[in-house]
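Participant: Take a look at this one; I'll ask things after.
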Amino acid sequence: MGWFKRLREGIQTTTEEKKEVPDGLWHKCIECSHTSTTKELIENFWCCSQCNHHFRIDSNTYFDIIFDKKPKLLFEHLEPIDMLGFVDLKPYKQRLLDTQKKTGLKDALSVGIGKVNDNTLIVACMDFKFIGGSMGSVVGEKIALAIDLAIKKKYPLLIISKTGGARMMESAFSLMQMAKTSAKLSQLGKAGLPYFSLMTDPTTGGVTASFAMLGDVNLAEPKALIGFAGPRVIKETIKRDLPEGFQTSEFLLEAGFLDVIVKRKDLKDTLSNLILFFKN
Amino acid sequence: MSNAQVFLEFEKPIEVLFEQLDKIKEVGKEGEIDISKSIIDIEDKIHKKRLEIYKNLTGWQRVQISRHPERPYTLYYVSKMCRQFQELHGDRYFKDDKAIVGGLAKLDDQTVMFIGHQKGTNTKMRQYRNFGMPNPEGYRKALRLMKLAEKFNIPVVTLIDTPGAYPGIEAEERGQAEAIARNLLEMAQLKVPILCYIIGEGASGGAIGIGLGDRVFMLENTWYSVISPESCSSILWHSWDYKEQAAEALKLTADHMYKFGLIDGVVPEPLGGAHHNPEETAKTLKAHIKKNLAELMKLSVDKRIKIRIDKYSAMGKTK
């Protein structure tokens with residue numbers, strides 16, 4: 001016998017709906033469960049005021065945090081196409097349309113140019129909400145164009161990574177973006193222009209194994225997951241549990257692959273300082 | 001005729017014919033019946049069957065051939081193609097990775113730096129070679145050897161055959177991603193010619209980590225993709241059972257890759273795959289390398305690097 005009787009039968013709220021909180025009211029921290037209002041979060045750079053957990057944010061929000069005023073968005077004409085006719089549980093073509101409609105984005109990376117404490121910077125920023133921030137042809141091409149512009153105008157470049165890796169639905173085309181972005185970065189380096197890489201939660205796979213790890217300065221947000229293979233794959237391969245804190249920013253800094261872990265509230269000033277250092 | 005002992009599942013009809021052939025030979029040993037005609041008949045049937053099967057291979061079947069346990073690996077090709085080979089070990093920082101080998105060899109009169117994945121030929125050696133899955137020190141050894149080649153103006157040839165870079169705790173600690181990324185950056189600007197051949201499996205970052213070059217070719221029965229069909233099935237279909245569909249969807253064969261303009265050509269294999277006649281495959285490969293190196297070495301360094309980077313910059317399709 002149950003302790004209480006269900007009065008109304010047939011309540012069938014889907015899990016998805018249950019999670020939805022009316023937009024812009026309250027946000028619960030997934031680390032410490034502390035609730036904040038949107039206003040509080042914006043004032044705190046989308047970090048939990050209790051535990052400093054960095055919420056996942058989109059490219060627009062990063063642009064708001066970094067630039068002095070709204071940046072000029074570049075290469076917005078580029079859109080993805082399904083050149084393989086890729087179908088898994090859903091056709092890629094449909095997946096693209098649905099995702100574009102849901103996110104209002106054309107693909108998983110936006111490029112903006114603007115001033116950071118009065119210093120010009122080109123910022124290419126990934127959006128995790130667009131198919132897991134995966135790198136396909138559009139991401140690669142936008143980065144390539146951003147690098148061309150940086151070389152032409154002699155501006156420094158920042159790429160903000162937030163991604164599961166390469167986009168499977170573009171198969172080898174996405175794989176080649178690793179070669180393409182790295183080759184373009186080699187040109188930026190030869191032109192003597194600094195490239196800053198900011199890794200945020202999460203940064204894994206083919207993106208980590210190409211442009212994300214190639215910064216003249218490698219930065220990361222606190223406690224971000226950063227790695228080549230995802231934790232689940234590693235666990236299945238080695239058949240044992242992973243050590244505490246494995247593949248976090250802090251782990252990578254100790255292992256020697258990051259220059260600095262930067263809190264989001266310090267990001268803008270850190271970047272403008274770096275730009276000035278390299279101007280020399 | 002082939003020496004291959006291991007039949008793949010789609011080669012079952014050929015295996016059945018071989019069994020018939022063995023039976024007839026047994027009968028022939030008794031000496032009462034003339035079996036020579038029957039043998040010729042069956043051998044003819046085997047050849048026809050093989051032609052028929054190999055004419056229309058699916059993506060998944062190519063994947064299976066690329067993983068055939070008798071398929072030749074890097075050290076075999078180098079030993080067959082070159083008179084002398086001096087293997088060079090170690091990344092100078094941590095250790096010598098056994099899944100990537102490299103060294104200097106004479107391809108007729110030309111010194112070449114060969115670098116390639118290496119798999120083992122028996123259970124013990126497969127473990128020793130970590131199944132062809134390199135750790136970061138493998139990629140760093142490869143880079144060290146490329147820089148050595150650059151210093152002495154020696155062209156680089158890489159032979160690619162890996163199920164992927166090793167996904168382990170230590171690999172992450174030592175920067176698997178950084179090692180691969182660094183190679184891509186450095187290979188883009190390397191002053192000497194780089195030729196790359198997919199000779200077996202071309203799995204994602206583990207493959208491209210030694211796979212950025214002036215020209216990239218695939219042997220006929222190999223695959224090159226952003227992810228293995230098995231992992232793709234697991235992630236996109238939420239089950240390991242859709243590897244055949246994934247192999248088709250990924251369009252990972254040499255033919256597809258060439259059609260997409262992502263590789264520069266396809267190197268033919270003997271009927272039944274490279275393992276059916278490894279010596280012939282090595283001969284074909286040698287001629288192919290010599291021809292392409294000769295063409296690449298005519299270009300000036302700056303021109304070669306520009307063409308290389310322009311080629312990769314053009315890869316990708318957008319609206």
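The values are calculated or read from the model by the stated rules, or taken from the named source; none is laboratory data. As the structure is a prediction and not an experimental result, all values here were calculated from the model. Reconstructed Cβ throughout: ideal geometry from the backbone, glycine too, with neighbour counts over all protein chains shown. The accessibility values were calculated without ligands, DNA or RNA, using every heavy atom of the protein model including side chains. Shrake-Rupley method; radii C 1.70, N 1.55, O 1.52, S 1.80 Å.
Participant: Relative to 2.2 N^0.38 Å, what does the C-alpha radius of gyration of the range B:1-140 come to as a ratio? Two decimals please.
Facilitator: For the range B:1-140, the normalised Cα radius of gyration comes out at 1.46.
Participant: For the protein assembly as shown, give the magnitude of the charge dipole about the Cα centre (Cβ charges: +1 Lys/Arg, -1 Asp/Glu; no others), in debye to the nearest 20.
Facilitator: 1400 debye
Participant: Still on this model: What average number of partner chain Cβ atoms lie no more than 10 Å from the Cβ of the residues making up A:221-228?
Facilitator: What the average comes to for A:221-228 is 3.
Participant: Enumerate the residues in the range A:205-237 having an amide nitrogen under 14 Å from the point lying 7 Å beyond the Cα of residue A:51 toward its Cβ.
Facilitator: A:223-224
Participant: Once the dipole of chain A is set up with Lys and Arg at +1 and Asp and Glu at -1 on Cβ about the Cα centre, which of A:217, A:274, A:126 lies farthest towards its positive end?
Facilitator: A:126
Participant: Let me ask another. Among all lysine pairs in the range B:9-56 that are eight or more places apart or on different chains, how many have alpha carbons less than 15 angstrom apart?
Facilitator: 7
Participant: OK, next. What dipole magnitude, in Debye to the nearest 20, does the range A:58-279 give about its Cα centre under +1 on Lys/Arg Cβ and -1 on Asp/Glu Cβ?
Facilitator: Computed about the Cα centre, the dipole is about 400 debye.
Participant: Let me ask something additional. Using the reciprocal of the averaged 1/r over all distinct C-alpha pairs, how large is the Kirkwood radius of chain B in Å?
Facilitator: Taking every pair of different Cα atoms in chain B, averaging 1/r and inverting gives 20.8 Å.
Participant: Under a 5 Å amide H to amide H cut-off, with H placed in plane at 1.01 Å, what residues pair with residue A:136 once short-range neighbours are removed?
Facilitator: Here A:167 satisfy the definition.
Participant: I've got another one for you. Please work out the Kirkwood hydrodynamic radius for the protein assembly as shown, using every pair of different C-alpha atoms, and report it in angstroms with one decimal place.
Facilitator: Every distinct Cα pair counted, the radius reaches 25.9 Å.
Participant: Also, quick follow-up: Say a paramagnetic label sat at a point 7 Å from the Cα of residue A:154, along Cα to Cβ; which residues of the range A:171-198 have their backbone N under 19 Å from it?
Facilitator: A:187-196
Participant: Let me ask another. Any idea what angle helix A:171-190 forms with the longest principal axis of chain A, computed on alpha-carbon atoms, 0 to 90 degrees, nearest 10?
Facilitator: 40 degrees
Participant: Let me ask something additional. Any idea which of B:246, B:270, B:289 is furthest toward the positive side of the dipole for the range B:225-318, if Lys and Arg beta-carbons carry +1 and Asp and Glu beta-carbons -1?
Facilitator: Highest projection toward the positive end goes to B:289.
Participant: Per residue of B:229-240, how many C-beta atoms from partner chains lie within 10 Å of its own C-beta, taken as a mean?
Facilitator: Taking all residues of B:229-240 together, the mean is 2.
Participant: Let me ask you something else. Expressed as a fraction of 2.2 N^0.38 Å, the rule-of-thumb size for a compact globular protein of N residues, what is the C-alpha radius of gyration of chain A?
Facilitator: So chain A has a normalised radius of gyration of 1.08.
Participant: Another question, if that's okay. Students often forget the sequence filter, so: which aspartates and glutamates lie under 16 Å Cα-Cα from residue A:279 once same-chain residues fewer than 8 apart are removed?
Facilitator: Straight-line reach from residue A:279, under 16 Å: A:118, A:216, A:269.
Participant: Sticking with this structure for a sec: Between the alpha-carbon centers of the range B:81-124 and the range B:175-218, tell me the distance in whole angstrom.
Facilitator: If you average the Cα positions of each part, the centres end up 16 Å apart.
Participant: Go through B:24, B:13, B:53 and say which Cα lies farthest out towards the positive end of the charge dipole of the range B:9-56; charges sit on Cβ, +1 for Lys and Arg, -1 for Asp and Glu.
Facilitator: B:53
Participant: Which whole-number percentage describes the relative contact order of chain B, with Cα contacts under 8 Å and a sequence gap of 6 or more?
Facilitator: Relative CO of chain B lands at 16 percent.
Participant: Taking θ as phi - 60°, what are the ³J(HN,Hα) couplings along the range B:173-187 by the Karplus curve (6.51, -1.76, 1.60), each to the nearest whole Hz, with x for Gly and Pro?
Facilitator: 4, 8, x, 3, 5, 5, 5, 5, 4, 4, 4, 4, 4, 6, 5
Participant: In Å and whole numbers, how far do the C-alpha atoms of the range A:217-280 stretch along each principal axis, longest first?
Facilitator: 50, 21, 16
Participant: Could you compute the FRET efficiency for residue A:260 and residue A:232, with r as their C-beta to C-beta distance and R0 at 22 Å, rounded to 0.05?
Facilitator: 0.20
Participant: Report Rg/Rh for the range B:9-56, rounded to two decimals, where Rg is the Cα radius of gyration and Rh the Kirkwood radius.
Facilitator: Radius of gyration relative to Kirkwood radius: 1.07.
Participant: Another question, if that's okay. Whole angstrom only: what separates the Cα centroid of the range A:120-150 from the Cα centroid of the range B:244-319?
Facilitator: Cα centroid to Cα centroid, the span is 28 Å.
Participant: Step through the table entries A:69/A:162; A:184/B:191; A:190/B:291; A:102/A:129, compare each Cα-Cα distance with 21 Å, and write down the pairs that go over it.
Facilitator: The pairs that break the limit, which is 21 Å between Cα atoms, are A:69/A:162; A:190/B:291.
Participant: Let me ask you something else. To the nearest 20 Debye, how big is the dipole of chain B about its Cα centre, given +1 on the beta carbon of each Lys and Arg and -1 on that of each Asp and Glu?
Facilitator: 1360 debye
Participant: What is the packing order of peptides A:177-189, B:197-209, taking the mean over residues of other C-beta atoms within 10 Å and listing the highest first?
Facilitator: In descending order of packing, they fall as B:197-209, A:177-189.
Participant: For a quick check: with amide H placed at 1.01 Å from N, whose amide H comes under 5 Å from residue B:215's, ignoring anything fewer than 5 positions away on the same chain?
Facilitator: B:194, B:196
Participant: Too long at a 30 Å Cα-Cα cut-off: which of A:265/B:311; B:95/B:317; A:90/A:235?
Facilitator: As for pairs spanning more than 30 Å Cα to Cα, those are A:265/B:311; B:95/B:317.
Participant: Now, a different point. Starting at the first residue of the range B:113-126, write each ³J(HN,Hα) from the Karplus equation 6.51 cos²θ - 1.76 cosθ + 1.60 with θ = phi - 60°, in whole Hz, x for Gly and Pro.
Facilitator: Coupling constants for the range B:113-126: 8, 8, 9, x, 5, 9, 9, x, 9, 9, 3, 5, 6, 4 Hz.
Participant: Under a plain spin-label model, where a point goes 7 Å from the Cα along Cα-to-Cβ, how far apart in nm are residue B:25 and residue A:117?
Facilitator: Modelled inter-label distance: 8.0 nm.
Participant: Next up: Report relative contact order for the range B:233-319 in percent, whole number only (criteria: Cα-Cα under 8 Å, sequence separation at least 6).
Facilitator: 15 percent
Participant: Highest first, please rank the peptides B:219-232, B:293-306, A:108-121 by the mean number of other Cβ atoms sitting within 10 Å of their residues.
Facilitator: Those peptides, ordered most packed to least, come out B:219-232, A:108-121, B:293-306.
Participant: Would you pull out the residues with amide H under 5 Å of residue B:110's amide H, same chain only if 5 or more places away, H placed 1.01 Å from N?
Facilitator: none
Participant: What's the average, rounded to a whole number, of partner chain beta-carbon atoms within 10 Å of each residue's beta-carbon in A:182-192?
Facilitator: So the per-residue partner count for this stretch is 5.
Participant: Taking all protein chains together and a probe of 1.4 Å, list A:82, A:64 from the most accessible to the least accessible.
Facilitator: My answer, sorted largest first, is A:64, A:82.
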